[in-house]
Amino acid sequence: MIFKSKKTTPEEEIDIKELVAASGLSHIAFIMDGNGRWAQKRGLPREAGHGVGVKAFKNTVTLCRDWGIKTVTTYAFSTENWKRPPQEVTEIMRLLDVYIKEAEDDNEKNRIRYIFLGDKERLGDALREKCEYLEDLTKDNTLILNIALNYGGRAEIVNAVNSLIKEGKTEISEEDIQRKLYTAESPDPDLIVRTGGEVRLSNFLMWQSQYSELYFSDCLWPDYGEEELRRAIIEFSKRKRRYGGV
Ligand code: IPE
Ligand code: IPE
Ligand code: MG
């Protein structure tokens, strides 16, 4: 056939579901960065970027699910993010509250298992209880969505070790730490995507990222969508994962 009715690039012709399956991409993690800059570029308060960021996040989770990715982890709020102005922190927590309510209402439709990674104590009783309720409500669903909230990778490892000490252990193995991490239910991430242009992990999944493939994009998180995600998956499928072997 010589003529094509619609011009497509070779990348657009790739069946992304097949690629996810063939490349063994079962866990993808996102450092959703760039909300504040997205808003400031438009002359809006930083909080406006977080609001649009939630929409991008929901859309991304749906794409991952539809494309066959079984575990998604997302960095929503770090242990260091408390340094931000109080009105920004309050707005992020308010958005989370709304998000949790919607997740409860959509449970029958979405069938997602929610797990919050991090120390819930600092969130206050009301938000902590809502997080725990959502975890309990969705515990029998199979697709895992980990939301890192008041999360720090170092704090997670310290927490794991302290918990082992309380169990009376005097010597610990990698497996011991693994089962005490907030992510104990999930395999290590195959791919970590960071938007917003910074090339660092900012205390995210310090233990679990040992052999994760890293992908950095200049896209600001509120602009994140199907095209960007496709690009990351295609790049991941080309990586050669050797784990120290040959
Ligand atoms: C990431 O976007 C979201 C959170 C940390 C909650 P930022 O708010 O860090 O956006 P930038 O990096 O300032 O643009
Ligand atoms: C990382 O983004 C944390 C989240 C995306 C929740 P930050 O904006 O806090 O990271 P730094 O400060 O640029 O390293
Ligand atoms: Mg940032």
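Only the coordinates and a few stated rules stand behind these numbers; no lab work does. This structure is a prediction, so every number in the text was calculated from the model and none was measured. Every residue, glycine as well, gets a Cβ built from its backbone with ideal geometry; the counts of neighbours run over all protein chains shown.
Using the Cβ of Ala160 as centre and a radius below 13 Å, the other residues enclosed give a net charge of -1, where K and R count +1 and D and E count -1. In the structure shown, the pairs Lys58/Lys240; Lys120/Lys180; Lys70/Lys240 are assessed against 26 Å; a Cα-Cα span above that value is assigned to Lys58/Lys240.
With only Lys, Arg, Asp and Glu charged, each at its Cβ (+1 for the first two, -1 for the last two), find how big the charge dipole of the chain is about the Cα centre; round to the nearest 20 debye. Working shown, then result.
Working: 38 positive and 42 negative charges, 140 e Å.
With Lys and Arg at +1 and Asp and Glu at -1, about 680 debye.
Between Lys139 and Leu214, the distance separating the two model label sites (each 7 Å from Cα on the Cα→Cβ line) works out to 3.6 nm. Within the chain, the longest segment free of exposed loop sites, counting chymotrypsin sites (Phe, Trp or Tyr not before Pro) that fall outside DSSP classes H, G, I, E and B and have at most 10 other Cβ atoms within 10 Å, spans 4-242. Comparing Val54, Leu44, Cys64 along the charge dipole axis of the stretch 1-112, the residue lying farthest to the positive side is Leu44, per the Cβ-charge model.
Scanning the chain for GluC sites (Glu not before Pro) in DSSP loops with at most 14 other Cβ atoms within 10 Å, what's the longest stretch left with none? Mind showing how you got there, number by number?
Working: sites that count: Glu11, Glu12, Glu13, Glu80, Glu167, Glu171, Glu185, Glu198.
Longest run free of exposed loop sites: 81-166.
Counting other Cβ atoms within 10 Å, keep those with at most 15, restrict to DSSP loop, and tell me which trypsin sites (Lys or Arg not before Pro) in the stretch 196-246 are left. The qualifying sites are Arg200, Arg239, Lys240, Arg241, Arg242.
Could you tell me the calculated FRET efficiency between Arg111 and Asp223, based on Cβ-Cβ distance and R0 = 35 angstrom, to the nearest 0.05? Could you put the intermediate results ahead of the total?
Working: r = 28 Å, r/R0 = 0.80.
The formula returns an efficiency of 0.80 here.
Local charge for Gln178 was computed over the other residues whose Cβ lies under 14 Å away, with Lys and Arg +1 and Asp and Glu -1, and equals -3. Annotation for Arg241 and Ile157: the two label points, set 7 Å from Cα along the Cα-Cβ direction, are 2.1 nm apart.
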